[in-house]
Amino acid sequence: MQDFLLGNHSSLTEFILLGFSGNTKINVILFSIFLFLYLVTLLGNGLIITLIRKDSRLHTPMYFFLSVLSILDMGYVTTTVPQMLVHLVSKKKTISYVGCVAQMYIFLMLGITESWLFAIMAYDRYVAICHPLRYNVIMSPLLCGLMVAFCGFWGTSCAMIYTISAMILPYCGPNEINHFFCEVPAVLKLACADTSLNDQVDFILGFILLLVPLSLIIIVYINIFAAILRIRSSQGRLKAFSTCASHITVVTMFSIPCMVMYMRPGSDASPEEDKKLALFYNVISAFINPIIYSLRNKDVKRAFLKVTGWGRAPE
């Protein structure tokens with residue numbers, strides 16, 4: 001495998017990740033901030049997974065998908081942040097060619113899977129609000145498992161296309177990637193070849209993997225809001241809308257920066273803007289997701305108080 005990755009495609013054996021700053025004091029501050037965000041992300045998502053497993057009342061399709069989202073978020077940040085933390089306090093900021101390819105593939109696989117998972121979660125909310133009496137029949141464990149497998153299939157296959165199309169290009173120097181991890185747009189800037197075809201591939205895949213699921217989510221929520229408006233009770237409308245608000249917030253934070261990153265031509269990209277966007281949909285999104293779902297969710301709060309025994313659960 002390593003021979004295939006290196007072969008005649010590149011004369012480089014490693015890359016240098018420039019990261020955020022060459023200033024030691026700034027890097028120490030950034031290290032502290034990102035370490036805090038990373039640990040809280042692992043703790044928050046890990047807690048959600050644990051609560052869903054421990055509390056039988058959370059053994060529903062919605063929380064099954066939420067646990068999968070938490071697993072993806074934990075993997076997502078672990079693919080990039082630990083290495084970023086090491087580079088912030090170390091003089092050596094290199095990553096091997098093979099390591100760069102592996103990081104690129106895993107990051108894309110998890111991100112693409114998550115993008116489609118958001119569409120599945122929107123459909124779950126549609127069934128729960130528009131067909132509540134048939135919810136348990138329609139959203140059977142088998143269907144839920146197949147939906148997650150479908151998301152995983154898109155993630156593994158399309159990430160492979162992205163990665164191969166980027167890494168079959170020749171890389172003959174320089175080897176400095178102006179980013180904090182091996183993301184496709186940043187790596188392509190070092191290619192010793194025309195990348196216009198890659199821009200077209202990225203746009204087409206971005207359309208399939210970002211705009212299509214986002215369009216499905218919009219269509220689903222149009223139907224959901226139409227159903228909510230037909231509810232006579234204002235309290236009922238508010239309750240139905242609140243079950244969707246968290247998902248809409250999370251999807252917006254993830255999808256918009258991803259579309260900006262992967263659907264614009266590489267020549268239009270600014271390295272500093274790219275790093276900020278990547279931080280938002282990689283680190284910040286994974287950090288905020290468990291906070292959004294737990295703070296707005298009485299079921300999660302009830303499960304937390306039950307598992308920890310810290311007082312009476314809210315009704």
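The values are calculated or read from the model by the stated rules, or taken from the named source; none is laboratory data. It should be emphasised that the depicted structure is a prediction, and the values quoted were computed from it without experimental measurement. Reconstructed Cβ throughout: ideal geometry from the backbone, glycine too, with neighbour counts over all protein chains shown. We work out accessible area using only protein heavy atoms, side chains counted, and drop any ligands, DNA or RNA first. Shrake-Rupley method; radii C 1.70, N 1.55, O 1.52, S 1.80 Å.
How big is the gap, in Å, between the Cα center of the stretch 232-258 and the Cα center of the stretch 137-197?
Each part reduced to its Cα centre gives a spacing of 29 Å.
Give me the accessible area per residue for the chain, probe 1.4 Å, as a whole number in Å².
Per residue, the chain has 49 Å² of solvent-accessible surface.
If you place +1 on the Cβ of every Lys and Arg, -1 on the Cβ of every Asp and Glu, and leave all else neutral, what size is the dipole of the chain about its Cα centre, to the nearest 20 Debye? Walk me through the numbers before you get to the answer.
Values: 23 positive and 17 negative charges, 351 e Å.
That gives a dipole near 1680 debye.
Can you pull the percent of the chain's accessible area that's carbon plus sulfur, 1.4 Å probe, other chains left in place?
The C+S portion of the solvent-accessible surface of the chain is 68 percent.
If you fit an axis through the alpha-carbon atoms of helix 298-308 and take the longest principal axis of the Cα set of the chain, what angle between them do you get, 0 to 90°, nearest 10?
Helix 298-308 sits at roughly 80 degrees to that axis.
Measure nothing but the geometry: give the 0 to 90° angle between the long axis through the Cα atoms of 196-206 and the longest principal axis through the Cα atoms of the chain, rounded to 10°.
10
Specify the angular offset, from 0 to 90 degrees and rounded to the nearest 10, of the alpha carbon long axis of helix 234-262 from the longest principal axis of the alpha carbons in the chain.
Here the helix axis deviates by roughly 10 degrees.
Using only alpha carbon pairs under 8 Å that are at least six residues apart, calculate the relative contact order of the stretch 78-220 and give it in whole percent.
Computed value for the stretch 78-220: 33 percent relative contact order.
Return the calculated 222 nm mean residue ellipticity for the chain, to the nearest 500 deg cm²/dmol, obtained by summing -39500 (n - 2.57) across DSSP H runs with n ≥ 4 and dividing by the residue count.
-24000 deg cm²/dmol
Among V220, L39, S233, flag the residue with its Cα farthest along the positive direction of the charge dipole of the chain, charges on Cβ as +1 for Lys/Arg and -1 for Asp/Glu.
Result: S233.
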